[in-house]
1. Quick check on my filter: what residues within the range 277-326 are closer than 22 Å to residue 45 by Cβ, surrounded by fewer than 21 Cβ atoms within 10 Å (Cβ to Cβ) and of a type in the set (Val, Ile, Thr)?
2. Look through 390, 334, 373, 366 and report the one residue that is within 27 Å of the chain's Cα centre (by Cα) and surrounded by fewer than 16 Cβ atoms within 10 Å (Cβ to Cβ).
3. Take the conditions open to solvent by less than 20 Å² (accessible area, probe 1.4 Å), of a type in the set (Val, Ile, Thr) and under 22 Å from residue 67 (Cα atoms) and apply them to residue 258. Does it pass?
4. Please state which of the following conditions residue 472 fails to meet, knowing it meets all the rest: (1) free of Cβ contacts under 8 Å to residues at least 12 places away in the same chain; (2) in contact with a Leu (Cβ under 6 Å, 6 or more places away or on another chain); (3) not polar (S, T, N, Q).
5. Does residue 463 count as in a helix (DSSP H, G or I) and of a type in the set (Gly, Ala, Ser)?
6. Taking the range 427-469 as the search range and keeping residues that are open to solvent by less than 30 Å² (accessible area, probe 1.4 Å) and either of a type in the set (Val, Ile, Thr) or without any contact (Cβ under 8 Å) to a residue 24 or more places away in the chain (or both), which one is farthest from residue 362 (Cα to Cα)?
7. Restricting to the range 39-56, name every residue that is part of a helix (DSSP H, G or I), charged (D, E, K, R) and either within 20 Å of residue 384 (Cβ to Cβ) or without any contact (Cβ under 8 Å) to a residue 60 or more places away in the chain (or both).
8. Mind checking which helices (runs of 4 or more DSSP H) fall wholly inside the range 139-227 and carry at least 2 residues that are farther than 21 Å from residue 36 by Cα and of a type in the set (Lys, Arg)?
Amino acid sequence: MPLLYGEGEDRAFARLREEIRKHDGCLSSLHSTDPHLDKKRIEEAKGGLLAGAYRWVFDTPDFRRWHDQSESRLIWIKGDPGKGKTMLLCGIINELEGTIIADGHCRNLAYFFCQATDSRINNAIAVLRGLIYLLAHQQPRLISHLRKYTDAGKSLSDANAWFALSDILGGMLGDPNLKPTCLVVDALDECIYDLPRLLKFIVENSSTFSHVKWIVSSRNWLDIERDLNEATCKARLCLELNEASVSEAVTAYIRLKVHWLAERNKYKPGTRDAVQSYLSENAHGTFLWVALVCQELANISGWKARKKLTAFPPGLDAFYWRMMDQICDLEDSEDAGLCKSILAVMSVVRRPITLDELVAFVDIPEEACADYEALTEIIRLCGSFLTLRERTISFIHQSAKDFLLGETAPEVFPSGVEDIHQTIFSQSLRVMNNTLCRDIYSLGAPGSSIDDAELPDPDPLAAARYACIYWVDHLREWQSSDNVKHTGVFQDGGDIDDFLRKHYLHWLEALSLCRSIPQGITSMATLEGILQHKSITPQLPSLVADMRRFILYWKWVVENYPLQVYASALVFSPARSITRGLFTQEERKWITSGPMVEDNWNACRQTLEGHGSWVQSVAFSPDSKWVASGSDDNTIKIWDAATGTCMQTLEGHGGWVLSVAFSPDSKWVASGSHDKTIKIWDAATGSCTQTLEGHYSNVRSVASSLDSKPI
């Protein structure tokens, strides 16, 4: 902070407190997850970190080159499922942290662990948030790049979040005061949303900033390899090509686990040797297989262990088949059916769910629903597919979910995956109908800020939180099947119509309390799209269209002040708004004379913001799903026409973009520029596939032929 001579002690401390408040507010705007805690959770879930399982990597030529040579800035560690990539990166992070401490904290280290089954950490935006969060903690001076946005009141969770966050992180990495920095991203293959964007960001920034090094890991995916190959300063470490080192690391891990088993179950020397020998002969360099077998052995008496060893087949798929057979062979057929129902639900939900949420989706015996011990026992019956930590259920590994959705799908989904989506959708409506109400957190005052909302104990939204955010997603997945014939759900007076007419405002309040209003906007756009393809009466589509306009217009207000959905949002909505008419009884009784408002929503459906200068040209894609815009800021933006989300920013022109056009199949975008060139872009990835040169002046118009070939 700058010194202000003569301001006095009281004013100085007031200014300091205000600065601290803004600083903390900046960091809280990023905090969807703390990578420090994610790392601790992962290490605990996998039984702790063993030095012998990762130190070998520091002696490999590829890693040494990345570590020692300034021109080698990106290393990709790749391997098959269960090979220990995540724990390897945990070990590397620990070693690098130790070096940083020894050097007197003269470097930065930020990291992020992607997990496909958790919507908080399975997308590119979350990765940027996590890296910015740790960098700002380690070098607080860098927070100025974040405050450019937060001090101006700009949101970091709206449709432009990727562009804001990538600009912030890019600014941090280019800051002249940045210490030498290492950024680590684990499990790129589990970044489900916007992975191409993330890979493009990593490649571009690893080639730009010489004082920033990257470590990334993933499975052996060709798409990831293609994108990372564009990096100019890269190295690659393949676990399969380091089989001897990985095998030694697995052997060290086996010794540790067998020692633990011997102590726990009082193994005799012969039993101990037999267990160690069997694990060593059948592990084939796979940490996960060893961990799963040892987890099973932990519950088998020492005198039985030797005999049971051969029941554990080598290979992950064979082991998963064994667990599935055990579930099918349970003495109580009801238990087997219950386990399959739980596995089916867990295979399609968008994130790990809590025990409270599970009870809403699975028909669990009534006497067990509120009994933590009983629910824990039921989860244990599902074998080693699932793990339970602090009331949250998740898969032991992504490969377990892949197995259930692949080879054993007929057993887990006898009526098809769409049937499970239908169950989750209908049960979501049920739990929301039974739970949602006005002022569910007892905030009281309409002006209560979301930042002042405290989580009640018990949380009245505990069972309905997942349902509030994802019910439309499961409706869409159910309806996407060609076999679905149940159109009754869309009729006037049907389940959806009834829920929206009774609880729409309660739902928006709940979304605000869950900090998920953007997901609600997307849900209404998705629902409106679904209804366009149904042969039904017009009342429900009209209702949904009006409700979508309502939340688009009042997004910021409801997002920050949940109870304003019953106050200003209603009072200042158009007089003929269907939503306002339905919920007139929710308006404040002390408002005796309402303000003058328009009769209907105005003609402007959306205002798309994000360009840094004048917009010279816009074009709809032929399928009306996308909008392209060209600007004097030298960029083209591709927008989702339904939600207003900016999907891509295309950069490469050296002058104003004067014209844009889509190909008839919507796969390509052509742009003409003040720099006298035409560029052709892949609309899905944002990559420039061609630059056409030859004009002697500005290119003011571009167009595609009907067969998408000539421009």
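The values are calculated or read from the model by the stated rules, or taken from the named source; none is laboratory data. Treat the numbers as computed from the prediction; the structure is a model and nothing was measured. A quick note on method: Cβ atoms are made from the backbone with ideal geometry, for glycine too, and the neighbour counts reach across all protein chains shown. Remember, those area values only see protein heavy atoms, side chains included, never the ligands or the DNA or RNA. Shrake-Rupley method; radii C 1.70, N 1.55, O 1.52, S 1.80 Å.
1. Once the filter is applied, which keeps residues that are closer than 22 Å to residue 45 by Cβ, surrounded by fewer than 21 Cβ atoms within 10 Å (Cβ to Cβ) and of a type in the set (Val, Ile, Thr), the range 277-326 yields only 300.
2. Values: 334 fails: within 27 Å of the chain's Cα centre (by Cα); 373 fails: within 27 Å of the chain's Cα centre (by Cα); 366 fails: within 27 Å of the chain's Cα centre (by Cα).
Result: 390 is the single residue among 390, 334, 373, 366 that is within 27 Å of the chain's Cα centre (by Cα) and surrounded by fewer than 16 Cβ atoms within 10 Å (Cβ to Cβ).
3. Working: open to solvent by less than 20 Å² (accessible area, probe 1.4 Å): yes; of a type in the set (Val, Ile, Thr): yes; under 22 Å from residue 67 (Cα atoms): no.
Here the answer is no, as residue 258 does not meet what is asked.
4. (1)
5. Details: in a helix (DSSP H, G or I): no; of a type in the set (Gly, Ala, Ser): yes.
When the stated conditions are applied, residue 463 does not pass them.
6. Applying the filter and picking the extreme gives 450.
7. Narrowing the range 39-56 to residues part of a helix (DSSP H, G or I): 39-45, 51-53, 55-56.
Filter again for charged (D, E, K, R), leaving 39-41, 43-44, 55.
Passing the criteria: 40, 41, 43, 44, 55.
8. Values: elements: 143-150, 161-173, 195-208.
Counting at least 2 such residues, we get 143-150, 195-208.
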